[in-house]
Amino acid sequence: MRLSWKLGRFAGIDVFVHPTFLIVLLPGVFGGRDAIPLILALFGCVLLHEFGHALMARRFGIGTVDITLYPIGGVARLMRIPRAPGAEFLIAIAGPCVNFAIVAILAVLGFFSMDGEGLSLDQGSFLGQLATLNFGLGIFNLIPAFPMDGGRVLRAALSIGLGRTRATTIAARLGRILAVVFGVMAVFVTQSFLHLILAIFIFLASRNEELQVLGEERRRTFGETDQSIWYAPPGYRWVDRGGGLWQLSPVSTARGAQGSNRWM
Ligand SMILES: [Zn+2]
């Protein structure tokens, strides 16, 4: 049974809202009742960000199981994570690019309607705030730490020269260092409980991504038996079906709900 509520189906992908999402709409949590339209618009942009990942993944033949909105952001569950660095790079970068595109569109709208009420990009105006938030969202997602897109961008870039295993280890390690710095800042500088929670979340996600990918790569390289000398195409591995029958199976399936299939 699934906990989330279905919002609809767009471009062939089911979109859900997790019940915990409602807490961002509680007046007072993020600046009172007046802020609710802005929060809804922002999460609309988060949804577009996720569609950026999903539609770019589709170009590489990778489907998306669903997209779910949580209070901390959106999560797109891809059928699998591409091993090819170019594909991973483009799918990862597509999300933040959507946010920067929204900023550009809002800037053009604001430029052509400087006299128009409500379309000005002044600080404090609705569209101005939405543009600022989108810019922040794009930059935040480019922080080179898993599970942010920046972590995947970095891993993809490093994979070209170092291979996926080594690249993942380095990217995950850098992510943990950033998480520790962020955590120390949360305690001593910003003194924000929310920032501390975020730092811990990034730290754990880095470790999770590393273990996940290292496990995957080990299975690909060595297999579960010595039969693994057979070549398995990217994203697949040989599975013993018994009676001498071997079958190619996807490394991670849609049902697998594994950490690294979830894109934020
Ligand atoms: Zn993203």
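Readers should treat all values here as calculations from the given coordinates under stated rules, not as data from a laboratory. Only a predicted model underlies this, so the values are computations on that prediction, with no experimental measurement involved. Using ideal geometry, Cβ is built from the backbone for each residue, glycine included, and neighbour counts are taken over all protein chains shown.
Rounded to 0.05, the FRET efficiency of the W246 and I200 pair, given R0 = 51 Å and the Cβ-Cβ distance, is 0.75. Placing dummy labels 7 Å off each Cα toward the beta-carbon, the span from R173 to R59 is 3.3 nm. Packing here is the average count of other Cβ atoms within 10 Å per residue, and on that basis the peptides 79-86, 193-200, highest first, run 79-86, 193-200. Using the Cα gyration tensor of region 65-205, with a ≥ b ≥ c the square roots of its eigenvalues, what is the shape: rounded (a/c below 1.5), prolate (a/b larger than b/c) or oblate (neither)? Here region 65-205 falls in the oblate category.
The alpha-carbon atoms of region 19-109 define a convex hull whose volume equals 101 cubic angstrom per residue.
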